[in-house]
Amino acid sequence: MAARTTGDAKINGDRSGLPAWSYFSEEMLEEEKELLFRRHWQLVCHVNDIPESGDYMAMDFVDERALVVRGKDGEVRAFHNLCRHRGSRVVGDDKGHCRSAIICPFHGWVFNLDGTLRGASRPDTLPKLDPVKWGLKPLEMDIWNGFVFVRFKPGPQEPMSKIMARFDEELAQYDLASLVPDGNGVSHEEMRANWKCVRDVDNEGYHVPMAHPGLDDLFGKNYFDEPFQDGTSRSFSSFREADSKLWSVRHYKKILPQVNTLDADHQRAWLYVGVFPNLVFGIYPDSVIFYHEFPVDFGKTVQRAACYRRPDEDRRMRIARYLSGRIDRITSKEDEQLIEWSWEAAKSSAYDGVILSDLEAGVKSYHDQLRKLYPVLNEEEPAPGTLAEQNAALVEAES
């Protein structure tokens, strides 16, 4: 299919960003943790991260702990990583394998791979325990093109298949369900900034020519962003035709082989798909990456990321993937600095907000998504202890 274009995106009306107080408010952060991170879908892994019975992946965020495990029947299931006895983690690592059961390292309670309780240690000291009632607590789970999402509490989002439906035709040619992990696991990068600063930097390409020499060398003027639409966004760029100056970019363009399943527009192009509130897929001819960030406190954020390769990757494609990864790693480090500087700026006595360019329509559209859920962001900072109540009243008034 042909790559879509947006024409000239324009910002109508208010060009100011979110209020400075929203990046420092502990009450705002607690509201975000509850609605955006516990009640929205969060990506854990790909099904091919856990190919065998007993394989598992785990992740922590906003005081929640998720466990995804493949059962003896081949089914993938999601649970709270929480023993029903005393609340210990039943697995301590982010990735691993359980031979035939999950054994809590605290007191040795044993759970089957389907989550049911197999048995407690010293059962004679306990009442009779129903294996389902006292099994691991299940998590709501959704699998989209092989990627496993969980949700800790009911929320406003539809299933991932509906959220991502507008990309079905474009993404089918990448066969995402067949991807396999690149072998480097999941990375975690800590940043000294509010998590929204990550989105503010990532949701626009206006800064690419100045801040990202590698991407600019790869894309030139071909890069464009589409604003958020129904909870998703899209950015796209074909490679510039001219010779590239940077070593990684020049050799990447030279070595990247043709992928027969991709149409002409996507053979030599990078595609990014954003999913509200915090997820981005980078979809390349040689690989697929994801990254998403989670708040630790209002000034500390952890970004989690992973890369997946094609199952039929040959030596040439492997080299191309290494080079695209090198470009990405450099870009990420450049963004980290910009993210932290953005966070610092809001503390300054000279800071009186921002003015957004039309080339930052993606930032504006993301902020608009937040304002729909948090109309309090249109107000002065609420008095201490009143933010949740004030926002609930505003939501009700607008409904």
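When the expected Rg is taken as 2.2 N^0.38 Å, what fraction or multiple of it is the alpha-carbon Rg of the stretch 326-399? Mind dumping the intermediate values first?
Details: Rg = 16.4 Å, N = 74, 2.2 N^0.38 = 11.3 Å.
The stretch 326-399 yields a ratio of 1.45.
Take the alpha carbon atoms of the chain, find their radius of gyration, then divide it by 2.2 N^0.38 Å using N residues; give the quotient.
On the way: Rg = 22.6 Å, N = 399, 2.2 N^0.38 = 21.4 Å.
That ratio works out to 1.05.
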Alpha-carbon centroids, the stretch 221-270 and the stretch 294-352: separation in whole Å: 18
Residue (of LEU356, ALA346, PHE224) at the positive-pole extreme of the chain, dipole from beta-carbon charges: PHE224
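Only helices at least 30 Å long along their own axis, judged from Cα atoms, and with Kyte-Doolittle mean hydropathy of 0.0 or greater: name those in the chain from DSSP H.
Values: long enough: 315-345 (45 Å, -1.00).
None clear 30 Å together with a mean of 0.0.
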The stretch 71-157, accessible surface, carbon-and-sulfur percent (1.4 angstrom probe): 51
Set of aspartates and glutamates with alpha-carbon distance to LYS347 below 17 Å, sequence-local pairs under 8 removed: GLU26, ASP200, ASP297, GLU380, GLU381
Eligible lysines near LYS372 by straight Cα distance, threshold 21 Å, same-chain separation 8 or greater: LYS10, LYS33, LYS153, LYS162, LYS196, LYS364
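Please report, in debye to the nearest 20, how large the charge dipole of the chain is about its Cα centre when each Lys and Arg carries +1 at its beta carbon and each Asp and Glu carries -1 there.
On the way: 50 positive and 65 negative charges, 334 e Å.
My answer is approximately 1600 debye.
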Taking the convex hull of Cα positions in the stretch 36-77, its mean projected area over all directions (nm²): 3.0
Top of ASN194, ASN278, ASN260 by mean-square fluctuation, Gaussian network on the chain, Cα under 10 Å: ASN260
Shape call, the stretch 141-263: gyration tensor on alpha carbons, a/c limit 1.5: prolate
FRET efficiency estimate (nearest 0.05) - Cβ-Cβ, ILE355 to VAL302, R0 35 angstrom: 0.70
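Could you give the dipole magnitude of the stretch 256-357 about its Cα centre, charging the beta-carbon of Lys and Arg +1 and that of Asp and Glu -1, in debye to the nearest 20? Spell out each step's value before the answer.
Values: 13 positive and 15 negative charges, 99 e Å.
It works out to roughly 480 debye.
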Gyration tensor verdict on the stretch 1-149 (Cα atoms; rounded if a/c is under 1.5, prolate if a/b is larger than b/c, oblate otherwise): oblate
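Can you tell me the accessible area per residue over the chain, all protein chains present, probe 1.4 angstrom, in square angstrom? Intermediate values should be presented prior to the final figure.
On the way: 18960 Å² over 399 residues.
Computed with neighbouring chains in place, this is 48 Å² per residue.
Rounded to the nearest 20 debye, what is the charge dipole size of the stretch 3-107 about its Cα centre when +1 sits on each Lys and Arg Cβ and -1 on each Asp and Glu Cβ? Mind dumping the intermediate values first?
Numbers: 15 positive and 18 negative charges, 84 e Å.
In debye, rounded to 20, the stretch 3-107 gives about 400.
Based on the mean of other Cβ atoms within 10 Å per residue, sort peptides 313-324, 117-128 so the most packed one is first. Please report the intermediate quantities before stating the final value.
Details: 313-324: 16.8, 117-128: 11.2.
Put in order of decreasing packing, that is 313-324, 117-128.
From the Cα gyration tensor of the stretch 2-74, with a ≥ b ≥ c the square roots of its eigenvalues, which class applies: rounded if a/c is under 1.5, or else prolate if a/b is larger than b/c, or else oblate? Let's see the in-between values first.
Numbers: a/c = 4.87, a/b = 1.55, b/c = 3.14.
In terms of gyration-tensor shape, oblate.
The values are calculated or read from the model by the stated rules, or taken from the named source; none is laboratory data. Everything numeric here is computed off the predicted structure, so don't read it as measured data. We place every Cβ from the backbone using ideal geometry, glycine too, and count neighbours over all the protein chains shown. Accessible surface is based on the protein model in full, side chains and every heavy atom, while ligands, DNA and RNA are left aside. Shrake-Rupley method; radii C 1.70, N 1.55, O 1.52, S 1.80 Å.
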